[in-house]
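Structure, as structure tokens:
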Amino acid sequence: MSPLRAASACAATILTAMLVGAPASGQPGGHGMMGSSWWGGRGMMGGGWQRHHYAMMAGVPAPYAGYKNPLPKTAATLSRGAAVYAQNCAGCHGEKGHGDGPAAAGLTPRPADLAWVSAMPMGQWDAFMYWTVAEGGGALGTAMPSFKASLPKRDIWSVIAYVQNELPQFGAGGRPYGPRTGRWRCCY
């Protein structure tokens, strides 16, 4: 077997293991800073890690790949986004986006920390965010509902603008800060 074919087979095996929930860290039980497993762990990203990993490995699915927010980032757009967030997102993601809303306690994996995710490059990628809101997390094993049938596109884009512009929290050196733990995030 050629080295390229062997590497491809190895990558396919690893990706298959991740898709079925194999431990991510190599530690007993798969616990590490990213959570109990790459798929649905309890680490810093909560329920957002599996979508992030999928997008990094395969990209955003074709129907959403080229999406860009058509709305201007004005006070009116952000205000509408805040209202949509309060009604549809805060129950799970919490008022400040930390995945600590009243409905979050009973969810496994827990909702993503949007304040942290929105401060990362992935959270500023319009196509990724639209795919996340429109499709929800059912295909990835999370409880996030799909909003493509229940919210108009304008509301989806408004809430994305709100999350991207109002939820990120930065500390010294521009590093994202995570109030869930009261510590600086590890990676940035």
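A short reminder: the numbers here are calculations on the coordinates, not readings from a lab. As the structure is a computational prediction, the values presented were derived from the model and not from experiment. All Cβ positions, glycine included, derive from the backbone under ideal geometry; neighbour counts span all protein chains shown.
Assorted remarks:
- Sorting 91-100, 58-67 by their mean Cβ neighbour count within 10 Å, with the most densely packed peptide first, gives 91-100, 58-67.
- Amide H to amide H, with H built 1.01 Å from N, GLY101 comes under 5 Å of HIS93, GLY94, counting only residues 5 or more places away or on other chains.
- Separation in nanometres of the label points that stand 7 Å from Cα toward Cβ, at LYS73 and ASN165: 0.7
- Shape call, segment 46-184: gyration tensor on alpha carbons, a/c limit 1.5: rounded
- Taking ARG110, ARG80, ARG51, ARG154 and counting other C-beta atoms within 10 Å, the order from fewest to most: ARG154, ARG80, ARG51, ARG110
- Annotation for ALA103 and GLN124: the two label points, set 7 Å from Cα along the Cα-Cβ direction, are 3.0 nm apart.
- Remark: LYS148, LYS153, LYS68 ranked as LYS68, LYS153, LYS148, counting other beta-carbon atoms within 10 Å and listing the fewest first.
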